[in-house]
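Remarks on the structure that follows.
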Amino acid sequence: MRFNWAGRTMVLAVLGLATLSTWAQSVSVVVKLTSAATDKKTRTDQRDVVAWLTPVDKRIDAGELKPAKARLIQKDKQFHPHLLILPAGSSVEFPNEDPIFHNVFSLFNGKRFDLGLYEAGESRTVRFDRVGVSYIFCNIHPQMSAVIVTVDTPYYGISSPEGAINLAKVPSGEYELHVFAEGLSSEAQRALVRRVSVASSDVIANVTLPERETKLSHKNKYGRDYDPVNTDPYEK
């Protein structure tokens with residue numbers, strides 16, 4: 001996997017900026033990660049951290065959750081983009097733009113599927129109707145991986161290289177803040193969940209992001225080790 005945090009602890013600061021209207025108050029939430037390191041040269045890329053807010057107060061009207069349509073392209077033996085976050089019920093297209101075969105699958109605790117073997121120019125689509133994290137792999141090429149996070153809230157975002165996430169137009173009220181960072185254990189993910197009050201205050205929460213593993217090891221879809229890449233029978 002792509003995360004390498006050089007043994008550094010990252011700090012997550014969540015800032016709320018209030019905006020009043022004649023109808024209701026909305027909040028633009030900005031998530032900012034700052035490195036514990038004082039030397040800027042040692043700071044690592046802070047992209048691909050996901051945050052989302054789920055309402056605790058039943059009176060909060062989050063509006064209708066609108067499923068989206070997205071694409072996870074197979075190109076140069078990689079998935080593009082590496083990370084997606086979508087409302088539950090969204091559909092993801094998996095086009096093969098490589099001149100070789102691919103076999104996209106996911107057997108983790110998110111959406112489970114196996115698209116089978118398909119060649120260049122073909123595409124398959126999966127509906128992600130379950131809330132959770134789906135780790136996506138190719139059964140032929142072990143270096144290919146991606147992550148799809150599906151949530152039941154419209155208030156979500158992915159961090160920029162500088163660590164900023166913008167969650168726009170969040171109504172005032174009580175929420176649970178969730179953070180996903182690839183390489184964290186399930187226990188660490190659960191430990192990051194906390195309750196926050198969205199209002200006119202400057203700082204809602206501070207969350208420490210612990211050190212993560214740099215790679216998620218995985219087997220092929222049969223639970224076995226991958227064959228050596230140079231013996232790939234599907235290369236053209």
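The values are calculated or read from the model by the stated rules, or taken from the named source; none is laboratory data. In this text, all values refer to a predicted model and were calculated from it rather than measured experimentally. Neighbour counts are summed over all protein chains in view; Cβ atoms, including those assigned to glycine, are modelled from backbone coordinates with ideal geometry. Just the protein is used for accessible areas: all its heavy atoms, side chains included, with ligands, DNA and RNA removed. Shrake-Rupley method; radii C 1.70, N 1.55, O 1.52, S 1.80 Å.
Taking the range 74-149 and the strands (runs of 3 or more DSSP E) fully enclosed by it, the elements with 2 or more residues that are touching a residue at least 60 places away in the same chain (Cβ under 8 Å) and within 24 Å of Val50 (Cβ to Cβ) are at 78-80, 83-87, 132-138. For the range 121-138, which positions are over 14 Å from the mean Cα position of the chain (by Cα) and either open to solvent by 60 Å² or more (accessible area, probe 1.4 Å) or at pLDDT below 95 (or both)? Gly121, Glu122, Arg124, Thr125, Arg127, Asp129, Arg130 - these are the residues of the range 121-138 that are over 14 Å from the mean Cα position of the chain (by Cα) and either open to solvent by 60 Å² or more (accessible area, probe 1.4 Å) or at pLDDT below 95 (or both). Could you please find all residues in the range 161-190 being charged (D, E, K, R) and outside any strand (DSSP E or B)? Scanning the range 161-190 gives Glu162, Glu182, Glu187, Arg190. For the criterion of being in contact with a Gly (Cβ under 6 Å, 6 or more places away or on another chain), modelled with pLDDT of 80 or more, under 24 Å from His80 (Cα atoms) and surrounded by 20 or more Cβ atoms within 10 Å (Cβ to Cβ), Ser159 fails. All conditions in (1) under 25 Å from Ser134 (Cα atoms); (2) at pLDDT 90 or above; (3) more than 21 Å from the chain's Cα centre (by Cα); (4) open to solvent by 20 Å² or more (accessible area, probe 1.4 Å) hold for Lys69, with the sole exception of (3).
Out of all the residues in the range 171-178, is one or more farther than 18 Å from Leu86 by Cβ, out of contact with any Lys or Arg (no Cβ under 9 Å at 6 or more places or on another chain) and open to solvent by less than 40 Å² (accessible area, probe 1.4 Å)? Within the range 171-178, one or more residues are farther than 18 Å from Leu86 by Cβ, out of contact with any Lys or Arg (no Cβ under 9 Å at 6 or more places or on another chain) and open to solvent by less than 40 Å² (accessible area, probe 1.4 Å).
Mind checking which residues of the range 79-107 are open to solvent by 70 Å² or more (accessible area, probe 1.4 Å) and within 23 Å of Gly157 (Cβ to Cβ)? Selection gives His80 alone.
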